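A short worksheet on the structure shown next.
The values are calculated or read from the model by the stated rules, or taken from the named source; none is laboratory data. These figures come from a predicted structure and were not determined experimentally. Using ideal geometry, Cβ is built from the backbone for each residue, glycine included, and neighbour counts are taken over all protein chains shown. Side chains included, ligands, DNA and RNA excluded: accessible areas come from the protein's heavy atoms. Shrake-Rupley method; radii C 1.70, N 1.55, O 1.52, S 1.80 Å.
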Amino acid sequence: MTLKLGTHAVTPPVVLAPMAGITNVAFRRLCREQGGGVYVCEMITTRALVERIPKTLKMIAFAEDEGFRSLQLYGVDPEVTAAAVRMIADEGLADHIDLNFGCPVPKVTRRGGGSALPWRRKLFGRIVEQAVKAAAPAGIPLTIKMRKGIDDNHLTYVEAGLTAQDAGVAAVALHARTAEQRYSGQADWEAIATLKQALDVPVLGNGDIWEASDALRMVEQTGCDGVVVGRGCLGRPWLFADLEAAFTGQPTQKLPTLGEVASIMARHAALLVEALEDEKHGCADFRKHVAWYLKGFPVGGDLRRALAMISSLAELDDLLGQLDPAEPFPRESLGQPRGRINAPGKVSLPYGWLDSRDDDTVPEGAEMENSGG
Ligand SMILES: Cc1cc2nc3c(=O)[nH]c(=O)nc-3n(C[C@H](O)[C@H](O)[C@H](O)COP(=O)(O)O)c2cc1C
């Protein structure tokens with residue numbers, strides 16, 4: 001099964017979901033080495049990009065061997081978004097651009113950004129249209145990623161999908177939850193099927209793929225053209241090997257021993273140190289991954305805590321050496337949610353936001369200065 005993004009063929013039809021603070025050049029390399037697909041970078045704020053904020057310019061670094069460089073932009077202003085896309089096109093900074101309309105974080109929705117934005121349908125349409133126009137001369141496929149809507153009474157996904165299709169997007173991805181749900185409950189795969197039926201452009205399904213078999217099930221149940229995998233690969237970059245196997249009809253599952261997991265952990269930390277050009281900083285960034293890698297393995301609390309506080313690669317090596325390398329993979333952790341699973345919460349919105357769908361005023365202060373937030 002192959003997914004077409006513009007003229008680019010993606011086999012298997014698998015996308016690593018953009019995850020702020022996670023899908024940097026180091027993590028993408030670990031995942032890419034496992035299997036084919038599209039590996040999206042961390043979210044980049046359009047304004048920070050056009051203003052060439054040094055931290056942002058660092059965040060859009062791709063490895064030399066990243067064949068199809070995929071970049072996600074977050075913006076609320078059609079002009080600034082178009083300027084960011086033009087900059088990417090003119091300077092050859094990426095081969096694919098995704099626009100984020102799914103972020104549920106209160107500091108973003110409170111200002112009208114992320115998952116709040118498609119409700120303002122005209123503004124949404126203008127942003128997507130101008131971005132597609134700016135990307136077209138360079139042949140860069142532009143996609144959007146969105147949620148079902150703000151809450152069950154304010155669903156936008158079918159209308160937004162049609163608007164994006166009319167604007168000329170190459171594909172539409174749906175995280176099948178509302179903003180109100182955040183990461184709680186279960187993704188509503190029926191909504192993915194509904195969107196697939198409504199659109200002619202490829203539809204990518206997202207939400208609750210924990211194992212490769214879930215990806216096949218999503219395709220079968222919804223007819224979607226590809227899958228977007230987020231939390232399922234946290235501490236498990238080898239999930240992309242399982243996904244490739246599953247989509248090519250050889251459903252094998254990698255079940256690394258604790259020793260093999262420890263080697264991947266060491267490599268991940270080393271790649272982060274290399275990417276951030278600073279051992280302390282790289283090790284600090286690695287700490288958040290420790291619990292994900294060790295999920296389900298019988299490792300004592302003291303050792304877990306020490307691993308989650310490392311400040312050098314030598315310290316990490318020493319602690320990893322204390323793990324039992326022969327310990328088999330904990331099968332009971334398979335198919336289980338990992339990463340963020342927070343409670344639903346009322347969506348913070350700007351005053352009067354829900355009352356004026358056709359107001360296309362650009363919301364103020366909705367672009368954080370930095371990226372990846
Ligand atoms: C830590 C974290 C960071 C995320 N950052 C982004 C982001 O920057 N852009 C985006 O579109 N989605 C972001 N997401 C949402 C994921 O891309 C994905 O839509 C969501 O996790 C649902 O897919 P899953 O069930 O496979 O995890 C983030 C999710 C997590 C857990």
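When exposed loop sites are taken as GluC sites (Glu not before Pro) in a DSSP loop with at most 11 other Cβ atoms within 10 Å, the longest stretch of the chain clear of them is 92-276. Taken over the range 99-237, the convex hull of the Cα atoms encloses 118 Å³ per residue. With the simple spin-label model, which puts each label point 7 Å out from Cα in the Cβ direction, the Gln197 to Asp278 separation comes to 5.3 nm.
Dividing the radius of gyration of the alpha carbons in the range 307-373 by their Kirkwood radius gives 1.24 for Rg/Rh.
Legend: distances between Cα atoms for Lys254/Lys295; Lys4/Lys196; Lys122/Lys196; Lys107/Lys288; Lys4/Lys145; pairs beyond 18 Å are Lys122/Lys196; Lys107/Lys288.
Working from the Cα coordinates of the range 228-373, the gyration tensor eigenvalues give, after taking √(5λ), semi-axes of 36, 22, 15 Å in decreasing order.
Taking amide H atoms as placed 1.01 Å from N in the peptide plane, the amide H of Val38 lies under 5 Å from those of Val14, Val15, Leu16, each 5 or more residues away in sequence or on another chain. In the chain, the longest principal axis of the Cα atoms and the axis of helix 189-198 are about 40 degrees apart. Structural descriptor for the chain: relative contact order 20 percent, calculated from alpha carbon pairs under 8 angstrom and at least 6 residues apart. Expressed per residue, the C-alpha convex hull volume of the range 45-123 stands at 102 Å³. With the biggest extent put first, the Cα atoms of the range 1-105 measure 37, 31, 27 Å across the principal axes. Compared with the direct C-alpha span, the chain from Asp358 to Glu315 gains 9.8 nm at full extension, assuming 0.36 nm per residue. Converting phi to 3J(HN,Hα) with the Karplus coefficients 6.51, -1.76 and 1.60 and the offset θ = phi - 60°, the range 32-45 yields 4, 5, 8, x, x, x, 10, 10, 7, 6, 5, 4, 10, 6 Hz in sequence order, with x at every glycine or proline. Taking the longest Cα principal axis of the chain as reference, the axis of helix 157-167 is set at about 70 degrees.
Here the accessible area of the range 282-348 is 54 percent carbon and sulfur, with a 1.4 angstrom probe and all protein chains present. Using a 1.4 Å probe on the protein heavy atoms, what percent of the accessible area of the range 135-232 belongs to carbon and sulfur? Here carbon and sulfur together make up 42 percent of the probe-accessible area. Excluding ligands, DNA and RNA, the accessible surface per residue across the chain is 41 Å² with a 1.4 Å probe. Shown here for the range 33-115: trypsin sites (Lys or Arg not before Pro) in loop regions (DSSP other than H, G, I, E, B) with at most 11 other Cβ atoms within 10 Å, namely Arg52. Dipole check for the chain: with +1 at the C-beta of Lys and Arg, -1 at the C-beta of Asp and Glu, and the Cα centre as origin, the magnitude is about 580 Debye.
Just so you know, the averaged projected area of the alpha carbon convex hull for the chain sits at 17.2 nm².
Straight-distance candidates among the aspartates and glutamates for linking to Lys280, with alpha-carbon spacing under 15 Å and chain neighbours fewer than 8 residues away dropped: Glu315, Asp317.
Could you check how many percent of all C-alpha pairs in the range 178-282 are farther apart than 25 Å? Here the tail beyond 25 Å accounts for 37 percent of pairs. Here the range 1-128 exposes an accessible surface that is 49 percent carbon and sulfur, computed with a 1.4 Å probe and the other protein chains kept in place.
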